[in-house]
Every structure is written in C-alpha cells, then in structure tokens.
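Comments concern the structure below.
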Amino acid sequence: MTQQQSLTSQNGISAIEWRDGQLRLLDQRHLPARELWQEPDSAEEVSRAIRDMVVRGAPAIGIAAAYGLVLDAQAGRDLDGAYTSLASSRPTAVNLHWALARMQGVEQSPAALLVEAEAIHAEDLRQNRRMGDLGAALFDTPVGVLTHCNTGALATGGYGTALGVIRSANRDGRLREVYAGETRPWMQGARLTAWELIKEGIAARLIADSAAASLMRTGHIDWVIVGADRIASNGDVANKIGTYALAVLARHHRLRFMVVAPSGTIDMQMPSGDVIPIEQRSEEELLIGAPEGARAYNPVFDVTPAELVDVLVTERGVVMQPNTEKMTALMA
Ligand code: MRU
C-alpha cells in the first residue's frame, strides 16, 4: 500500500476513487489538516481501512468494500476470505452487508465485480441527489437546521444524505442557518462536516454537542436532519451516538426530525432497533485529557425509536412517521 498527498477533485469532494485498476481512499483521520490518500492493495487492507476509520460513513463503507473485492479478484486471491474479512470490519452500518450481497450476486470475475462496484458507487451519488431534492422540497420557508456527525460527500459516494438535503436546500434558497454538532469523540462534525461546508461555501456554525437543547429553545432550529447506519423494519434508526438525544430534544421543543438514508441502509431482517449491533470503540478515543487510570465507555451509535422520527427520506420516496406497515410498503 502506498500513501500520497493530493488535492481533492475540483468538481466536488470525492473520498473514494477507482483509477487505472487502483483504489484510492482519502484518509479521513487526517482531515482537515492534510489531504492524504491511501492506496490499499487487497481486501484485507480495505477491511483495515474501514476498521481504522480511514473511510467511514455507512454508504462509503459499502462502496469501499465493493472495490476491495475487486482488488482481490484482480490479484487472483480467494474471495471467500475477502468477503469474511470485509463483512466483519464494522458492525453497525448495514450498507456494508448490502453491498457485499450485491457483489455476491454477480459473476466473481474481476471485470464483472468492477462493473458492479462502479454501479454501486454511481447509484449512491444519484440516490443522494434525489434524496437531497426530496428533502429540500419539504421546506416551505428558509429553515434553521441542526445536523450531527458527517453525512456528506465524505461519508457516501458523493453529495451526501442529510448533508445532501442541506446542499439542495441551500441551492434552492431554503436554508436560513446551519448548525453542526461537533460529534464527540471522533469529531466528525468539527473536522469533516465543517470542512465540507466551507468547501461548498455554505455558511454554518459548529456547536458543542451539549449546546443543542439551548439552541432549540432559543428558536434557531426548525429541523434536525441526520443520516443513518441501519434502519430496522419498524422504522427505528441506528445512527451516530447523540442522535437519540437530539430526537428527544426535537420532540420536546416541537421541532421536526428528519432521517435521510438510501434504501440500502434499511434492514428488513431487523424487527426493531433493539437487535441492531452497536459498535463499541476503544476507551482511548474518549480518554484524551482524562487522568491516568480513568476508564471510559464508548458506544459509537445509538438507536432512535421510530416514534421520534417525523420524516424518513429515501431515494424511493418520503415516509412520514415511519412504522412497520409503511416500511414494508416502501421496500416492497
Ligand atoms: O462512525 P462513522 O463516522 O462511520 O458514523 C457515521 C454516521 O453515523 C453517519 O451518520 C451515517 O453513517 C450516515 S452517513 C451518510
């Protein structure tokens, strides 16, 4: 694997590139300070890149995994091992398993696998643009928005899910103000969302995660807009830790709560959010600045019950107050 420094494309941000038989991943651990690219040579290296958060965000993880299989197919390696290693790289985002299942459904030759990986990548970008338009169309007047984590081009095949709605609303003059929670402990909001919004020229302010309630109370926020890592068949949503708190706060303040995710994030095998596996990451991520000997507990996702979700936006359409019946109809 080689590492090199480069600038992102002038035509929008893309964190995953396939060029001349080589996968390139923008190493998100170094943003915003440096734009370093990794060039993994095998599915095993892609698997490590996913585990170590070089590439992150549910759709982006699925896309990277698909290209990881192409790397092993090109090298003539055993694909069973590649599937197993990629499937175990992170537990919560179902897009990973969705993408691997799609790859398993085609001829296991390098050429056919590459066609499928590129299709998954291109479809994700198309779906994000569609969701952006569907979501933005729900705003009658310019709105104040709070978003969480990073759900933009970095987390997807481009444009973004929740951040895609924010992009489309900005383009259509339907955005009054944007606030991004910094998203402790990995700081996806502070490091990645702020970086994307500055590149896009969208004025936004970072807030400490704990400032959300006060901001809602003082009238700055009309909508909380977030992405998802897995949505159960009853509409429960697993997403970055802190999402559930924002949903509870939004309901208390009579604000609206929108989840934006492609149908590849919906797991109809999961009857409810209670059975979605929640990733626990290392204590060290939380212990920066804590005294020696301190212990931490670091679940990095939580589950928001469907009853707190006002709107689910997918590329298949918009679902108001999702429940099992509506989710079944959406996925039919
Ligand atoms: O731990 P991460 O950074 O991979 O978590 C990402 C999120 O929680 C996003 O909200 C989710 O994947 C949707 S991204 C379009």
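Checking the conditions here, which among E116, E39 is surrounded by 19 or more Cβ atoms within 10 Å (Cβ to Cβ) and of a type outside the set (G, A, S)?
E116
Among the residues of region 183-202 satisfying the criterion of being open to solvent by less than 90 Å² (accessible area, probe 1.4 Å) and in a loop (DSSP other than H, G, I, E, B), which is farthest from H148 (Cα to Cα)?
Once the filter is applied, the top-ranked residue is G201.
If you check V248 against the conditions, is it touching a residue at least 12 places away in the same chain (Cβ under 8 Å) and in contact with a strand residue (DSSP E or B) (Cβ under 6 Å, 6 or more places away or on another chain)?
No: the conditions fail for V248.
Of the residues A153, A122, A117, which single one is more than 15 Å from the ligand (Cβ to nearest atom), under 18 Å from T265 (Cα atoms) and touching a Leu at 6+ places or on another chain (Cβ under 8 Å)?
A117 is the lone residue from the list that is more than 15 Å from the ligand (Cβ to nearest atom), under 18 Å from T265 (Cα atoms) and touching a Leu at 6+ places or on another chain (Cβ under 8 Å).
Are there strands (runs of 3 or more DSSP E) fully within region 209-251 with at least 1 residues that are of a type in the set (A, V, I, L, M), near the ligand (Cβ under 9 Å from one of its atoms) and modelled with pLDDT of 95 or more? List them.
223-226, 237-240
Name the helices (runs of 4 or more DSSP H) wholly inside region 36-98 in which the number of residues that are β-branched (V, I, T) is 3 or more.
By residue number, 58-74.
With respect to T151, determine if the residue is among the polar types (S, T, N, Q), in contact (Cβ under 8 Å) with a residue 40 or more places away in the chain and more than 21 Å from S47 (Cα to Cα).
No.
Just one of the numbered conditions (1) within 13 Å of the ligand (Cβ to nearest atom); (2) open to solvent by less than 30 Å² (accessible area, probe 1.4 Å); (3) of a type in the set (D, E) is not true of D52; which one?
Evaluating D52 over (1) within 13 Å of the ligand (Cβ to nearest atom); (2) open to solvent by less than 30 Å² (accessible area, probe 1.4 Å); (3) of a type in the set (D, E) leaves (2) as the failure.
Identify all residues within region 267-313 that are farther than 17 Å from M187 by Cα, surrounded by fewer than 16 Cβ atoms within 10 Å (Cβ to Cβ) and of a type in the set (D, E, K, R); write none if there are none.
D274, E292, R295, E307 - these are the residues of region 267-313 that are farther than 17 Å from M187 by Cα, surrounded by fewer than 16 Cβ atoms within 10 Å (Cβ to Cβ) and of a type in the set (D, E, K, R).
All but one of (1) under 18 Å from L26 (Cα atoms); (2) of a type in the set (G, A, S); (3) open to solvent by 10 Å² or more (accessible area, probe 1.4 Å) hold for A64; which doesn't?
(3)
The values are calculated or read from the model by the stated rules, or taken from the named source; none is laboratory data. Owing to the predicted nature of the structure, the values given are computational and were not obtained by experimental measurement. All Cβ positions, even for glycine, are placed from backbone atoms using ideal geometry, and neighbour counts span all protein chains on display. Only protein heavy atoms, including side chains, enter the accessible area calculation; ligands, DNA and RNA are left aside. Shrake-Rupley method; radii C 1.70, N 1.55, O 1.52, S 1.80 Å.
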